[in-house]
Structure formats: C-alpha cells, structure tokens
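Some notes on the structure that comes next.
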Amino acid sequence: MDLASEYMGLGLRNPLVASPSPLSKTVDGVRRLADGGVGAVVLYSLFEEQLRREAALNARLTDAGTESFAESLSYFPEVAQEEPGPRQYLSLLERAAAAVEVPVIASLNGATPGGWAGYARAMQDAGAAAIELNVYYLPGDPHISGREVEQRHVDVLTAVKDAVSIPVAVKLSPHFSSTGEMALRLDQAGADGLVLFNRFLQPDIDPDALAVTPTVELSSPAEARLPRTWIALLHGRVRAALAATTGVEEPADVAKYLLAGADVVMTTSALLRHGPAYAAVLLDGLRAWMARKGFAAVDELRGILSVAPGTDEAAHERADYVSALRKANSSVYGPW
Ligand SMILES: Cc1cc2nc3c(=O)[nH]c(=O)nc-3n(C[C@H](O)[C@H](O)[C@H](O)COP(=O)(O)O)c2cc1C
C-alpha cells in the first residue's frame with residue numbers, strides 16, 4: 001500500500017502529520033511522534049510576543065551595560081518562569097531535526113507585521129524543513145474592516161516569505177466573509193501551504209464563580225466538516241498544498257479529508273487522547289480501508305470527492321443546503 005505523499009515539495013512517507021501541541025515540546029516527544037509513524041512533525045508554536053519580549057530585553061541589556069545585568073533582568077521578572085524562549089526553541093528544533101528521519105516543521109505564531117517575522121530565518125538555519133505561520137488574529141476592535149484583516153494576513157506572510165527560502169504554510173481562520181478569496185490571496189502572495197483551520201480559543205463563563213474561563217478543549221470529528229468543505233472547494237483551485245487540521249479521531253476521518261482533497265491530514269487531539277503511538281492505529285486503519293476499497297496509493301483517492309473545477313461553487317453549496325433542509329423537513333413534516 002503506497003501512502004507516500006508530498007507536502008509543499010517535501011516528500012513524506014505518509015500523509016499523517018502531527019500538528020503543533022505540547023507533544024512536540026521535547027526531543028523525546030518529537031521522537032515518539034516519529035516512532036508512532038507520522039509523516040512529519042510540526043513543532044509547537046513560538047509566539048510573536050516571546051520574540052518581541054526577547055528583543056526588548058536585549059535592547060535594555062545593551063543600553064544598560066553589562067554591570068547592571070541582574071537589575072535589567074528584573075524589568076522582565078516573568079521571563080524566567082515563562083514558556084521556553086526563542087533560544088530554547090531553536091535548540092529544540094536543531095536537536096529534533098537531527099534526531100528524526102521525518103521533516104520537522106517550525107511554527108511561528110503571530111498577528112502583526114513586524115521584525116519578529118524575520119525570526120523565521122533562524123528557524124530555517126536551525127534545520128526547519130518548512131515554516132508553519134499561524135496567523136492567530138481575532139479582530140476584537142469592531143472598527144477594523146475585513147479588508148484590513150485580510151491585508152494583515154498577506155503582510156505577515158510576505159514578511160516571513162522574504163526571510164526564508166524554505167516553504168511557508170499559513171494556518172488561517174475560517175472566519176472571513178470570503179474564505180475562498182482569502183485563500184486565493186495568500187496563494188498569490190506565495191503561501192506554499194494552507195492549513196485549514198485554526199481552532200480559536202472560545203472562552204466559557206462559569207456562572208457560579210462569575211468568571212470567564214479560557215479553556216482549550218480537544219476536538220470532535222463533527223468539527224472536521226467545516227475544514228473539509230473548504231478543502232473540497234479549494235482543491236484544484238490553489239497552487240498551495242492543502243493541510244487539514246481539526247477533528248481526526250478515527251482512520252475514517254483521515255480518509256474523508258483525503259477524499260476531499262487534502263495533501264496532508266494533521267492530528268493533535270487524537271494523539272493527546274491516545275498517545276503518539278496512536279498514529280500507527282490511524283495509519284493501519286487507513287491502509288485497511290484502502291484495501292477494502294481497492295486503492296493501491298493515496299494519490300489514487302486524493303480529491304476524488306472534491307468540488308470539480310468549473311462547478312458553480314456557490315450554487316453547489318446552496319443546492320446541498322437546500323436538499324439537506326428538504327430532507328430534514330420532510331422527515332418531520334412529510335414531503336415538501
Ligand atoms: C493543548 C493544545 C496545544 C496547541 N498548541 C498549538 C500551538 O502551539 N500552535 C498551533 O498552531 N496550534 C496549536 N494547537 C492546535 C492544534 O495544532 C490543532 O490545529 C487543533 O487542535 C485542531 O486539530 P485536532 O482536532 O487534531 O486537535 C494546540 C492544540 C491543543 C489541543
């Protein structure tokens with residue numbers, strides 16, 4: 001059974017990719033993901049805020065002179081207890097890339113154009129096979145126009161692309177007025193891959209504690225429907241590779257994304273729930289399904305259920321919507 005796949009020009013042994021999560025915070029964690037069988041690993045994200053803070057810290061140290069080193073550090077007391085910083089990230093990246101056979105992709109997470117984006121170059125030099133740029137931006141200010149939000153995505157991508165020669169994927173949100181046009185703009189701006197979609201932190205409210213409770217919950221397979229719909233629509237319409245993220249729990253979820261047209265299928269929640277070795281279960285299940293269906297290679301099945309180019313996409317989506325509603329209504333009220 002041939003699972004070999006290509007993602008942004010990288011040859012992968014299979015299309016299953018470990019997406020950013022705490023599982024990739026150590027070299028041992030990355031090794032366990034690779035041993036589980038994934039085709040590539042995307043490291044957890046390094047955040048724009050961390051890079052800005054380090055740049056500010058360095059500037060203060062330079063200004064203050066070496067004698068006042070301890071005093072200068074106290075300007076940023078939180079740094080010591082924080083997430084591993086940029087230097088630790090590069091060190092992990094370098095050691096992880098040397099420790100495993102599969103490509104290791106670095107993740108840079110930010111929302112505003114700026115010098116921090118140039119850090120992608122250091123990631124390339126440390127051995128990243130590619131960069132995944134997570135533009136995690138929620139325009140909470142109601143005065144910001146949709147066009148400004150879109151332009152910001154393009155500007156951040158352009159800054160990262162200018163810094164590196166390795167491929168750059170953009171992990172984006174589904175919340176655009178025209179998600180398809182945003183994808184096309186990123187494609188035209190040079191994105192080598194599109195990762196669909198970011199899953200935003202949606203805080204809950206605890207009515208007893210009268211408090212807002214930010215939570216990161218693991219996903220469920222039903223959440224895969226939105227990214228899968230967009231992958232089916234974008235397949236064959238963009239030059240960029242398409243990576244699916246969200247809602248993989250069973251081998252069938254991997255198969256569905258490939259049928260829709262994903263070049264690779266990413267997973268985090270399933271690996272957090274069942275452990276990195278679960279990648280082998282997903283891959284074995286994919287092989288068994290392919291054998292049952294008579295497919296010898298993933299390239300034979302990729303995209304066969306995508307929306308064919310030349311289709312009137314809006315009419316297609318509306319037709320599906322109307323017929324689904326009709327079916328649902330007739331099951332309650334009888335035929336329309
Ligand atoms: C605990 C946790 C940590 C995550 N950290 C990151 C991160 O650092 N960067 C990022 O781009 N995505 C991060 N994600 C999002 C995942 O990479 C993935 O896109 C998302 O969980 C949807 O995929 P899934 O349904 O397979 O979990 C994180 C998700 C979880 C659950």
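The values are calculated or read from the model by the stated rules, or taken from the named source; none is laboratory data. In this text the structure is predicted, and so the values were computed from the model without any measurement. Every residue, glycine as well, gets a Cβ built from its backbone with ideal geometry; the counts of neighbours run over all protein chains shown. Remember, those area values only see protein heavy atoms, side chains included, never the ligands or the DNA or RNA. Shrake-Rupley method; radii C 1.70, N 1.55, O 1.52, S 1.80 Å.
I'd like the accessible area for Ser165, computed on protein heavy atoms only with a 1.4 Å probe and all protein chains in place. Round to 10 Å², please.
Its accessible surface works out to 100 Å², give or take rounding.
Where a Cα-Cα gap under 16 Å defines reach, which lysines qualify for Lys293, not counting those fewer than 8 residues away within the same chain?
By straight Cα distance, Lys293 reaches Lys256.
Please give the solvent-accessible surface of Asp299 in Å², to the nearest 10, using a probe radius of 1.4 Å with every protein chain present.
Approximately 110 Å² of Asp299 is accessible to the 1.4 Å probe.
To the nearest 20 debye, what charge dipole does the chain have about its Cα centre, counting +1 at the Cβ of each Lys and Arg and -1 at the Cβ of each Asp and Glu?
940 debye
Any idea what diffusion coefficient the stretch 87-132 gets from Stokes-Einstein, in µm²/s, Kirkwood Rh on alpha carbon pairs, 20 °C, 1.002 mPa s?
Numbers: Rh = 10.9 Å.
Estimated diffusion coefficient is 197 µm²/s.
Obtain the nm distance between the two label points defined at Met1 and Arg239 by a simple spin-label model: each point lies 7 Å from its Cα along the Cα-to-C-beta direction.
Modelled inter-label distance: 3.5 nm.
Roughly how many debye, to the nearest 20, is the charge dipole of the stretch 166-269 about its Cα centre, given +1 on each Lys and Arg Cβ, -1 on each Asp and Glu Cβ, and no other charges?
Working: 8 positive and 12 negative charges, 114 e Å.
Using only the charged Cβ atoms, the result is roughly 540 debye.
List the residues, sorted by chain then number, that are 5 or more residues from Val265 or on another chain and whose placed amide H is less than 5 Å from its amide H.
Here the answer is Leu16, Val17, Ala244, since their amide H atoms fall under 5 Å of that of Val265.
What do you get for Rg/Rh of the chain when both radii come from the Cα atoms and Rh is the Kirkwood radius? Don't jump to the answer; show the numbers that get you there.
Working: Rg = 21.6 Å, Rh = 21.4 Å.
Radius of gyration over Kirkwood radius for the chain works out to 1.01.
Keeping the other protein chains in place, figure out the carbon and sulfur percent of the accessible area of the stretch 184-274, with a 1.4 Å probe. Mind dumping the intermediate values first?
Numbers: 2180 of 3980 Å².
Here carbon and sulfur together make up 55 percent of the probe-accessible area.
Arranged from highest to lowest average of other beta-carbon atoms within 10 Å per residue, in what order do the peptides 219-226, 34-41, 232-239 appear? Let's see the in-between values first.
Numbers: 219-226: 14.9, 34-41: 23.2, 232-239: 18.2.
Listed from highest to lowest mean packing, they are 34-41, 232-239, 219-226.
Can you pull the accessible area of Tyr136 for me, 1.4 Å probe, Å² to the nearest 10?
Using a 1.4 Å probe on the heavy atoms, I get roughly 80 Å².
Work from the charge dipole of the chain (Cβ charges, +1 for Lys and Arg, -1 for Asp and Glu, about the Cα centre) and give the residue of Val238, Thr267, Gly118 farthest towards its positive end.
Looking along the dipole axis, the top candidate is Val238.
So how long is each side of the stretch 135-271 along the principal axes, counting just the alpha-carbon atoms, biggest first, in Å?
Principal extents (Cα only, largest first): 50, 42, 27 Å.
Tell me which lysines have Cα within less than 23 Å of Lys161's Cα, excluding those fewer than 8 residues away on the same chain?
Partners found: Lys171.
Which distance in nm do the two modelled labels at Leu138 and Glu217 give, with both placed 7 Å along the Cα-to-Cβ direction?
1.4 nm
So, with a 1.4 angstrom probe, what is the percent of accessible area on the stretch 86-156 that is carbon and sulfur?
In the stretch 86-156, the share of accessible area belonging to carbon and sulfur is 52 percent.
With a 1.4 Å probe and all protein chains in place, put His274, His175 in order of accessible area, largest first. Don't skip to the answer; put the middle values down first.
On the way: His274 90, His175 125 Å².
The ordering from most to least exposed comes out as His175, His274.
Helix-only estimate, please: 222 nm mean residue ellipticity of the chain, summing -39500 (n - 2.57) across DSSP H runs of length 4 or more and dividing by its residues, to the nearest 500. Write down the numbers at each step before the final one.
Values: 13 runs with 148 residues, N = 336.
Computed mean residue ellipticity for the chain: -13500 deg cm²/dmol.
Tell me, what is the per residue accessible area of the stretch 104-257 in Å², probe radius 1.4 Å? Can you show the working numbers first?
Working: 6530 Å² over 154 residues.
Normalised by residue count, the accessible surface of the stretch 104-257 is 42 Å².
For the stretch 227-331, just run the numbers: alpha carbon Rg, then divide by 2.2 N^0.38 Å, N being how many residues it has.
On the way: Rg = 15.6 Å, N = 105, 2.2 N^0.38 = 12.9 Å.
Working it through for the stretch 227-331, the quotient is 1.21.
Of the residues Pro139, Pro227, Pro15, which exhibits the maximal mean-square fluctuation in a Gaussian network model of the chain defined by a 10 Å Cα contact cut-off?
Pro139
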